[in-house]
Amino acid sequence: MPIALIDANNFYVSCERVFRPDLEGKPVVVLSNNDGCVVARSAEVKALGVAMGVPWFQIKKLAQKEGIIALSSNYTLYADMSQRMMTILSDFSPIQEVYSIDECFLDLHGVAPEQCRQIGQTARQRIRQWLGLPVGVGIAPTKTLAKLANHLAKKQPEYAGVCVWEEIPEQKQAEILQQLPVTEVWGIGRQWGKRLQEIGILTVWDLQNADPRPMRQRFSILMERMIRELRGESCIAMEEVALPKQEIQSSRSFGRPVKTMEELGEAISIYIARATSKLRRQNSVAAALRVYIRTNPFQTSLPQYQAARTVVLSQPSQDTRIFLHAGKLALTQMYREGFAYAKAGVHLLEISSAQSVQADLFGDAEAESRANHLMATLDQINARFGKSIVQPGIAGWQEPRGWAMKRGNKSPAYTTRWAELARVTLK
DNA sequence: TCTGGGGTCCTAGGACCC
DNA sequence: TCTGGGGTCCTAGGACCC
């Protein structure tokens, strides 16, 4: 039962290029928040040997020499492009799993290999034509193999962007696997790669031919599953509906070091507002809040401090104000003076459906209903007029927030704000 | 000077109980 | 002074992904 994996090439860079055709063919990177790290690279930049995730300041010199163009990330634009891409692809199968912002699986069971190729090619052309994004397509009997096929589709010109694993003769398949390093397998990262190397497993072929049982003992059940998937036995099911998040985080590094509890509190309040809004959007409640603060671990010459506190609520809630209160408590407990804090964040934990909440025996049903109404109104206003226009009262909302992140070179919201719509000149 | 953010799953080990 | 064995539950931390 074939599964297709479609994903965009250098997604963030490609999105930027759709609205800036002049960037085509040029070395382009997109940077993370605070313009900190490289999170997307065009093919030209990859060819220069720039690794994923490197700090921008480390390659600034090279960038200058090679004329690399750096853009701040524009997540609103990428999210919107992603949605359009997923909608187009949903036409090709009734069963679609959106796996990340730039990739999805399509279930093609019952479709013959030749037909799979046809579907892959059409999908690829359509995304290119309708959206302007380049995508690669891998089709194989399991998700893990589809990932590998997708890798081949992008790397080997002979496949022209669409690789159907089952069309490849067995002998050729073996040759391919013998040449692919084991770290190309979906689920094998740096650490496991190293450990596999120690026991003589270097290529995907080696892993495919390892005995799953002892490998499970040595690593974990995930390893066994991976080996079976490589052998064509489907172990990772399609997940069509997006399950509600079991954990919701919000965190940011600061644009400059932060020292006072007031400023930390201000940041944490905003993260809580953001996280609880996500929580309500998926119609959930959370029973615990974890807050953490830390100095910059890379500044080894400075005194380091990091701390985290979990506050368990007496009852699961989705009320921003309750979490704000808990957050303040956590911060007061762990804050230490005399450190330059670089980052703070919050996690909402023990999330469950809002429907299943037991009424608190000691609670006030009417007050709770009023609170829910208040939060719903707040979400509506913010949805209508832009994020974070209205926030529950917290100390210290003066603008500008000195610690807010740096984004030096962000592109306009081409697709989501009238004022910034792309202007097209017809010739 | 400048090093992202948001997730999931699994395991080891401690606490606790009988 | 001597100091078992087995189970469950929870949490922290590690590994992975994009």
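Working only within the stretch A:227-254, note down all residues that are part of a helix (DSSP H, G or I) and either within 11 Å of DNA strand B (Cβ to nearest atom) or not aliphatic (A, V, I, L, M) (or both).
Our first condition is that a residue be part of a helix (DSSP H, G or I); within the stretch A:227-254, this holds for A:227-230.
Across the stretch A:227-254, the qualifying residues are A:Arg228, A:Glu229.
Run down A:Glu224, A:Glu247 and say which single residue is within 16 Å of DNA strand C (Cβ to nearest atom) and within 30 Å of A:Arg321 (Cα to Cα). Please lay out each step first, then the result.
Numbers: A:Glu224 fails: within 30 Å of A:Arg321 (Cα to Cα).
Sole residue among the options that is within 16 Å of DNA strand C (Cβ to nearest atom) and within 30 Å of A:Arg321 (Cα to Cα): A:Glu247.
Could you pull out the residue among A:Ile227, A:Ile248, A:Ile221 that is in contact (Cβ under 8 Å) with a residue 40 or more places away in the chain and among the hydrophobic types (A, V, I, L, M, F, W, C)?
Values: A:Ile227 fails: in contact (Cβ under 8 Å) with a residue 40 or more places away in the chain; A:Ile221 fails: in contact (Cβ under 8 Å) with a residue 40 or more places away in the chain.
On inspection, the qualifying residue turns out to be A:Ile248.
Identify the single condition in (1) under 15 Å from A:Leu207 (Cβ atoms); (2) outside any helix (DSSP H, G or I); (3) more than 16 Å from DNA strand C (Cβ to nearest atom) that A:Ala174 does not satisfy, given that it satisfies every other one.
Of (1) under 15 Å from A:Leu207 (Cβ atoms); (2) outside any helix (DSSP H, G or I); (3) more than 16 Å from DNA strand C (Cβ to nearest atom), only one is false for A:Ala174: (2).
Out of the residues in the stretch A:182-207 that are of a type outside the set (A, V, I, L, M, F, W, C) and more than 12 Å from DNA strand C (Cβ to nearest atom), state the one that is farthest from the chain's Cα centre (by Cα). Give the steps one after another, and end with the answer.
Kept after step one, since they are of a type outside the set (A, V, I, L, M, F, W, C), are these residues of the stretch A:182-207: A:183-184, A:187, A:189-191, A:193-195, A:197-198, A:200, A:203, A:206.
If we keep only those that are more than 12 Å from DNA strand C (Cβ to nearest atom) too, we end up with A:198, A:200, A:203, A:206.
Details: A:Glu198: 31, A:Gly200: 33, A:Thr203: 28, A:Asp206: 30 Å.
Result: A:Gly200.
Filter the strands (runs of 3 or more DSSP E) completely within the stretch A:50-163 down to those with at least 1 residues that are under 17 Å from A:Leu5 (Cβ atoms). Working first, answer last.
On the way: elements: A:69-72, A:96-100, A:103-107, A:135-140.
Ranges flagged: A:96-100, A:103-107, A:135-140.
Quickly run through the stretch A:296-337 and pick out the residues that are within 24 Å of the chain's Cα centre (by Cα) and part of a strand (DSSP E or B).
A:Ala308
Look through the stretch A:257-302, keep the residues that are within 8 Å of DNA strand B (Cβ to nearest atom) and of a type in the set (D, E, K, R), and return whichever of them is farthest from A:Ile351 (Cα to Cα). Break it down stepwise before answering.
Looking only at the stretch A:257-302, we keep the residues that are within 8 Å of DNA strand B (Cβ to nearest atom), and these are A:257, A:271, A:274-275, A:278, A:296, A:298-299.
Among the residues that remain, those that are also of a type in the set (D, E, K, R) are: A:274, A:278.
On the way: A:Arg274: 16, A:Lys278: 12 Å.
Among those residues, the one meeting the criterion is A:Arg274.
Quick one: how many residues across the stretch A:211-229 are over 25 Å from the mean Cα position of the chain (by Cα) and not acidic (Asp, Glu)? It would help to see each step written out before you state the result.
Here is the first cut: in the stretch A:211-229, the residues over 25 Å from the mean Cα position of the chain (by Cα) are A:211-219, A:224, A:227-228.
With not acidic (Asp, Glu) added as a condition, the list becomes A:212-219, A:227-228.
Of the residues in the stretch A:211-229, 10 are over 25 Å from the mean Cα position of the chain (by Cα) and not acidic (Asp, Glu).
Would it be correct to say that A:Val28 is buried (at least 22 other Cβ atoms within 10 Å of the Cβ), within 16 Å of DNA strand C (Cβ to nearest atom) and under 18 Å from A:Gly132 (Cα atoms)? It would help to see each step written out before you state the result.
Details: buried (at least 22 other Cβ atoms within 10 Å of the Cβ): yes; within 16 Å of DNA strand C (Cβ to nearest atom): no; under 18 Å from A:Gly132 (Cα atoms): yes.
Considered against the rule, which asks whether it is buried (at least 22 other Cβ atoms within 10 Å of the Cβ), within 16 Å of DNA strand C (Cβ to nearest atom) and under 18 Å from A:Gly132 (Cα atoms), A:Val28 comes out as no.
Readers should treat all values here as calculations from the given coordinates under stated rules, not as data from a laboratory. The model shown is predicted, which means the values in this text are computed figures rather than measured ones. Backbone-built Cβ (ideal geometry, glycine too); neighbour counts: all protein chains shown.
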